[in-house]
Amino acid sequence: MKHLMWLLRWILKAAIFFTLFAFALNNQQDATVHFFFGTAWRTPLVLVVLAAFAAGLVAGVLAMVPRWWKHRSAASRVHTAAAVTPSAPPQPPVPPHGL
């Protein structure tokens with residue numbers, strides 16, 4: 001079972017790779033990206049798409065960083081509060097119900 005899951009993962013990875021590779025091969029036409037002050041960037045279309053994807057990924061990660069810090073500090077406070085406060089005395093075991 002473990003070997004089958006490993007094989008399925010590699011087949012999925014290979015399928016994604018070949019799909020993206022075919023996408024890159026089909027989008028080799030030059031694209032021009034016009035910036036401010038008359039500057040332009042001429043490059044294959046696939047690089048423009050890759051750059052836009054990478055910029056979106058970076059923007060998403062940077063947008064999540066404050067929330068990660070907030071959750072990390074809250075977890076740290078809970079962890080230190082649990083270590084400082086004494087725990088309740090253990091309760092006696094409850095007898096089982098039923099037959």
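Values quoted throughout were computed directly from the atomic coordinates according to the rules given, and no laboratory measurement underlies them. Quick caveat, the model's predicted, so the values are computed rather than measured. All Cβ positions, glycine included, derive from the backbone under ideal geometry; neighbour counts span all protein chains shown.
Think of each Lys and Arg Cβ as +1 and each Asp and Glu Cβ as -1; about the Cα centre, that makes the dipole of the chain roughly 260 debye. The N26 and F53 beta-carbon pair, evaluated with R₀ = 22 Å, returns a calculated FRET efficiency of approximately 0.85. The C-alpha atoms of the chain define a longest principal axis, and helix 2-26 lies at about 30 degrees to it.
The angle between the Cα long axis of helix 45-84 and the main principal axis of the chain comes to about 20°, on a 0 to 90 degree scale. The residue list F23, P93, P66 was ranked by how far each Cα lies along the charge dipole of the chain toward its positive end, using unit charges on Cβ atoms, and P93 comes out on top. The three principal axes of the C-alpha atoms in the chain carry coordinate ranges of 77, 46, 21 Å, sorted with the longest axis first.
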